[in-house]
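Enquirer: Mind having a look at this structure? Questions to follow.
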Amino acid sequence: MDPIKKKEQQANHSAWLKKALTFSHGDPVRGGSPHPMVKVGAILVGADGQEISRASNRFAHGVDQNVAERYADGSRSLWINCAEQLAIIGAVRKQACLKGARLYVTLAPCAVCAGLIAECGICEVIVPKDSDRAHGRLKAKWKKSIAIGQTKLQEAGVAVTLMAEAQA
């Protein structure tokens, strides 16, 4: 790739990642993540460069996020949906074409999300380099799931681009 185009592409990737990070840290009433420690944002961008959908890890619509027990250790991951899943659902609701789309996400996808990404025809996932380390309280089970997810993406031919950390 031409060095100038590569620099432009990196700037574009960084800008989308920053938007995803800012969105995830926003007010949960406006779509930000209610998770107390691991706030994940995802933005799907079509092959045309236009945003298709965005989401953060959150409770499904209609599920009461004010029940304290749902935030207890060991329970959160059963109640809160992944940002990648919700961004894909948003695209499906719009009947958007995901072939050739890019997914900007603030934490590398878990094994389940990686499988969905591969099935949808998304061509590239862009994540902050060492994103799992940025979430210091990430449990071992999630680190393992992320490692499996990276293998799934690689084997499925989905490009993974690691970028310098985005700042909200």
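The values are calculated or read from the model by the stated rules, or taken from the named source; none is laboratory data. Note that the structure is predicted; figures quoted are calculated from it, not measured. Cβ atoms come from the backbone with ideal geometry, glycine included; neighbour counts cover every protein chain shown. What goes into the accessible areas is simple: the full protein's heavy atoms, side chains included, and nothing from ligands, DNA or RNA. Shrake-Rupley method; radii C 1.70, N 1.55, O 1.52, S 1.80 Å.
Enquirer: How high is the relative contact order of the chain, given as a whole-number percent (alpha carbon pairs under 8 Å, six or more residues apart)?
Expert: Worked out over the chain, it gives 23 percent.
Enquirer: What residue among Cys97, Cys82, Cys123 has the largest mean-square fluctuation in a Gaussian network model of the chain, using Cα springs under 10 Å?
Expert: The residue that fluctuates most here is Cys97.
Enquirer: In the neighborhood of Gly49, defined by Cβ-to-Cβ distances under 13 Å, what is the net charge if each Lys or Arg adds +1 and each Asp or Glu adds -1?
Expert: Taking every other residue near Gly49 into account, the sum is -3.
Enquirer: Counting only DSSP beta bridges with both residues in the chain, what percent are antiparallel, rounded to the nearest 5?
Expert: 60
Enquirer: A further question on this structure: Indicate the gyration tensor shape class of segment 7-147 (rounded, prolate or oblate), computed on the Cα atoms with a ≥ b ≥ c the square roots of the eigenvalues: a/c under 1.5 is rounded; otherwise a/b larger than b/c is prolate and the rest oblate.
Expert: In terms of gyration-tensor shape, prolate.
Enquirer: When the chain is modelled as a GNM with alpha-carbon springs shorter than 10 Å, which of Ala108, Ala55, Ala147 fluctuates the most?
Expert: Evaluated over the chain, the most mobile residue of the options is Ala147.
Enquirer: What is the magnitude of the charge dipole of segment 1-45 about its Cα centre, with +1 placed on the Cβ of each Lys and Arg, -1 on the Cβ of each Asp and Glu, and no other charges, expressed in debye to the nearest 20?
Expert: Magnitude of the dipole: close to 60 debye.
Enquirer: Out of residues 5 or more away from Ile52 or on other chains, whose amide H comes under 5 Å of its own, with H placed 1.01 Å from N in the peptide plane?
Expert: Leu44, Val45, Gly46
Enquirer: Can you give the charge dipole size of segment 56-114 about its Cα centre, rounded to the nearest 20 debye, using +1 on the beta carbon of Lys and Arg and -1 on the beta carbon of Asp and Glu?
Expert: 360
Enquirer: While we're here: Using Cα pairs under 8 angstrom and six or more residues apart, how large is the relative contact order of segment 1-64, in percent?
Expert: Averaging sequence separation for qualifying contacts and normalising by length gives 25 percent for segment 1-64.
Enquirer: What do you get for the angle between helix 111-120 and the principal long axis of the chain? Use alpha-carbon atoms, 0 to 90 degrees, nearest ten.
Expert: It works out to around 50 degrees.
Enquirer: With charges set only on the Cβ (+1 for Lys and Arg, -1 for Asp and Glu), what does the dipole of the chain come to about its Cα centre, in debye to the nearest 20?
Expert: With only Lys, Arg, Asp and Glu charged at Cβ, the dipole is about 180 debye.
Enquirer: Which Cα, out of Ala91, Gly157, Met37, lies furthest along the positive dipole direction of the chain (beta carbon charges, K/R +1, D/E -1)?
Expert: Of the listed residues, the answer is Met37.
Enquirer: Heavy-atom accessible area per residue, segment 22-168, 1.4 Å probe: how many Å²?
Expert: 53
Enquirer: For the chain, what is the calculated [θ] at 222 nm in deg cm²/dmol (nearest 500), taking -39500 (n - 2.57) for each run of four or more DSSP H residues and dividing by its residue count?
Expert: -12500 deg cm²/dmol
Enquirer: Ignoring any ligand, DNA or RNA, what whole percent of the accessible area of the chain comes from carbon and sulfur when the probe is 1.4 angstrom?
Expert: Solvent-exposed carbon and sulfur of the chain make up 53 percent of the total.
Enquirer: Between helix 3-24 and the chain, what is the angle of the helix's C-alpha long axis to the longest principal axis, kept within 0 to 90° and rounded to the nearest 10?
Expert: With both axes taken from Cα atoms, the answer is about 10 degrees.
Enquirer: Across the Cα atoms of segment 1-72, what radius of gyration and what greatest pairwise Cα-Cα distance (Dmax) are found, in Å?
Expert: Using the Cα atoms of segment 1-72, the pair Rg, Dmax is 15.8, 53 Å.
Enquirer: Still on this structure: Which Cα, out of Tyr71, Phe59, Gly100, lies furthest along the positive dipole direction of segment 51-101 (beta carbon charges, K/R +1, D/E -1)?
Expert: Gly100
Enquirer: Between helix 140-156 and the chain, what is the angle of the helix's C-alpha long axis to the longest principal axis, kept within 0 to 90° and rounded to the nearest 10?
Expert: Helix 140-156 sits roughly 30 degrees off the main axis of the chain.
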